[in-house]
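Taken together, the values in this text are just the output of simple stated rules run on the coordinates, not laboratory data. Quantities reported herein were computed from a predicted structural model and do not represent experimental measurements. All Cβ positions, glycine included, derive from the backbone under ideal geometry; neighbour counts span all protein chains shown.
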Amino acid sequence: MALVPVAAALAAGLAYAAVAAAANRAVPEPFMDEAFHVPQTQAFCQGRFDVWDQKITTPPGAYLAAAAASAAADALGAGGALCSNSGLRYVSAALGGVAVGLASLTAARLFSYASGGRTPPPTQPCLRLWR
């Protein structure tokens, strides 16, 4: 059962990466809301967590994830490539793959509850489904 979420995450991540590659070729500059999100993420990549564009209404999770991925890449000698516009599209693709994997894992766990004739308690935290 654990193989399905991994396969789903890999398939989604690869599909998203293909879309990111096509977008990078067709539109290399920031497009639509990337004009807000790219500079915000780049500020986080530079460790400037006190900077916030008031036009952005989403939580900073993706910016923090990109900054962490960039710091890890920097430690491996990859430079600031992940915080470029094209690099951030690939980070988004990877995060999309992770989201699909977590959704698939959650669905598999919920199905195993249902097929066993049980339902998870309504107060049970979601994270307990993944143990």
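Quick notes on this structure:
- Rh by Kirkwood over Cα pairs, then Stokes-Einstein D for the stretch 3-130 at 0.692 mPa s and 37 °C, µm²/s: 199
- Cβ-based net charge around LYS55, under 15 Å, with every Lys or Arg adding one and every Asp or Glu removing one: -3
- Electrostatic tally near ALA17: other residues with Cβ closer than 14 Å to its Cβ, Lys and Arg +1, Asp and Glu -1, net +2.
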